[in-house]
Amino acid sequence: MQYCRCLISPKGNGLREVNQTVKSGIEAGLREQQSAQHVFGTHPDEWQDSYAYIEPLKEFVDLKSSNLQRYDLQAFKLKFPQFSPWAPRTNAAIRYLQGTRKTVCDGYTYLPGSPRLVDQNSRRLLNRWSPGLALLDRVISDSEIRPWLDHLKYLVSDPEEGAVVLDWMAHLVQRRSPKANFSILLGGVEGIGKSLLFDPIVRFIGSENVRTTSEVEIKDKYTSWVAERELVMMEEIRGLSEEVMNRLKMYIAAPPYMVPVNEKNIKHYETPNVARFVAFTNTRRGQPGGISPSRMAEMLEVDKAGPKVRC
């Protein structure tokens, strides 16, 4: 019985075929190696630098993605098919946790201005805050932003009150911590550009760090609108109950330095109390009676005849 067939013929054609087969195999191996180096780098564990493992939640985070994409164990395994996702000892999750360049964290935090990894109370935490635009390395003159300053003056005609708004914005941009312990309430008729005034601030700190919410959402028991945000913009406030206003006080001012977050289908957790608040209203009834003037600058009443702002 013949178990193999010799490829070498008397004419030497078989030998040539063997050489070509070996050469093709070597070239294919080199291409695979180059492809692996392109993805994972020259060091076998270099690919681990791009990820972090959150141990209590049993999930991975892509540190290079703009939104810090999160993966559960199964999704992380499937992200690397070359590691045989269904193999219990060689899949991506096992390779990562047994690797030499892994980053294991005890949880998340949100601290504007702090590095990605934060050591806090003997715990390593992953900071989910990401920076927005960088400040220019030169002084900007008033003439360069004159249209915006004119718009501020139109909305807030009183110079002292306008200075309060400017100081509040400057503090948000220049001092990430501690936060200013009062909120801005800007009132006026619809369509005069109240939220437009804050558009440069939103662009600077990054839209991913800003949340626009509504009165309906604020009244709801879920508070995901405050999670991982530097600025919360409350649109079309018409009238909040004393219960809701008292709850808002906890988020507007610090202390407390940690505040609870209640999200759907997620266990309650706490986040650093770092969010600043600005509210807009089209009616005088939006003026909240539950927050003292020391905590909220109340600038109200702009009618069609022009701005008439009171504090």
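Where a number appears in this text, it was derived from the coordinates with a stated rule and is not lab data. This is a predicted model, so every value here is computed, not measured. Using ideal geometry, Cβ is built from the backbone for each residue, glycine included, and neighbour counts are taken over all protein chains shown.
Length available on full extension from Asp150 to Arg124: 0.36 nm per residue minus the Cα-Cα distance, which gives 4.7 nm.
Summing charges over all other residues whose Cβ lies under 11 Å from the Cβ of Leu172, with Lys and Arg as +1 and Asp and Glu as -1, gives +2. Translational diffusion of the stretch 43-127, estimated by Stokes-Einstein from the Kirkwood radius over alpha carbon pairs at 37 °C in a medium of 0.692 mPa s, is 245 µm² per second.
Sorted from fewest to most neighbouring beta carbons within 10 Å, what does the list Ser183, Ser114, Ser143 look like? Before the final figure, lay out the partial values.
Values: Ser183 24, Ser114 16, Ser143 7.
Ordered from fewest to most neighbouring Cβ atoms within 10 Å, Ser183, Ser114, Ser143 come out as Ser143, Ser114, Ser183.
Other residues lying with their Cβ under 9 Å from the Cβ of Leu73 contribute a combined charge of 0, Lys and Arg counting +1, Asp and Glu -1. With 0.36 nm allotted per residue and the present C-alpha distance subtracted, the Val244-Lys264 stretch has 5.3 nm of extension available. Just to confirm a number: summing +1 for Lys and Arg and -1 for Asp and Glu over residues other than Pro88 whose beta-carbon lies under 14 angstrom from that of Pro88, what do you get? Overall, the nearby charge balance is +3. As a calculated quantity, the FRET efficiency between Asp49 and Lys221 at R0 = 51 Å, using C-beta atoms, amounts to about 0.80. Taken over the alpha carbons of the stretch 62-172 as equal point scatterers, the Debye sum produces base-10 log I(q)/I(0) values at 0.10, 0.15, 0.22, 0.24 Å⁻¹ of -0.57, -0.84, -1.23, -1.30. Qualifying trypsin sites (Lys or Arg not before Pro) in the stretch 121-150, where qualification requires a DSSP coil assignment and no more than 12 other C-beta atoms within 10 Å, comprise Arg138.
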